[in-house]
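Chemist: Okay, handing you the structure first.
The values are calculated or read from the model by the stated rules, or taken from the named source; none is laboratory data. A quick note: this is a predicted structure, and the numbers were derived from the prediction, not measured. Cβ atoms come from the backbone with ideal geometry, glycine included; neighbour counts cover every protein chain shown. Calculation scope for accessible area: heavy atoms of the full protein, side chains included, ligands and nucleic acids excluded. Shrake-Rupley method; radii C 1.70, N 1.55, O 1.52, S 1.80 Å.
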Amino acid sequence: RGLILESVRRHGWVLQFAASDLRARRDIVLAAVRQNGHCLQYAADTLKQDRGIVLTAVRQSGAALKYAPSFRDDQEIVATAARHANIEDDQQTRDHPVIS
């Protein structure tokens, strides 16, 4: 657990390689989305429903809202996502391609 936590703090996208039980741990996902909001896509579905996790993700990258559709009617989250949406989101996604 300590190794993955330290890894996602430095490189959030590492979350995609974590075991499913680790992707369901709030502390690990929170560290990942603080570093890269797009990492929300790798979180367990239950954490995509966690308002605090989603708010943290959209503060880092407004585009992360697309991974939490249940919050599209939440005014605070949508406003935060709009404030933090920028062209850097596209660059960040290109810099860390998703391995399927």
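Chemist: Any residue at all in segment 67-75 that is open to solvent by 30 Å² or more (accessible area, probe 1.4 Å), small (Gly, Ala, Ser), in contact (Cβ under 8 Å) with a residue 12 or more places away in the chain and on the phi < 0 side of the Ramachandran plot?
Modeler: yes
Chemist: A further question follows. I'm told residue 85 meets every condition in (1) open to solvent by 20 Å² or more (accessible area, probe 1.4 Å); (2) in a helix (DSSP H, G or I) except one. Can you identify the failing condition by its number?
Modeler: Unmet condition: (2).
Chemist: Can you name every residue in segment 35-74 that is part of a loop (DSSP other than H, G, I, E, B) and small (Gly, Ala, Ser)?
Modeler: Within segment 35-74, 43, 44, 61, 68 meet the criteria.
Chemist: Take the residues of segment 6-16 that are within 14 Å of the chain's Cα centre (by Cα) and of a type outside the set (Gly, Ala, Ser): which is most open to solvent (accessible area, probe 1.4 Å)?
Modeler: Going through the qualifying residues, I end up with 10.
Chemist: Which of the residues that make up segment 17-34 are in a helix (DSSP H, G or I) and open to solvent by 60 Å² or more (accessible area, probe 1.4 Å)?
Modeler: 17, 26, 34
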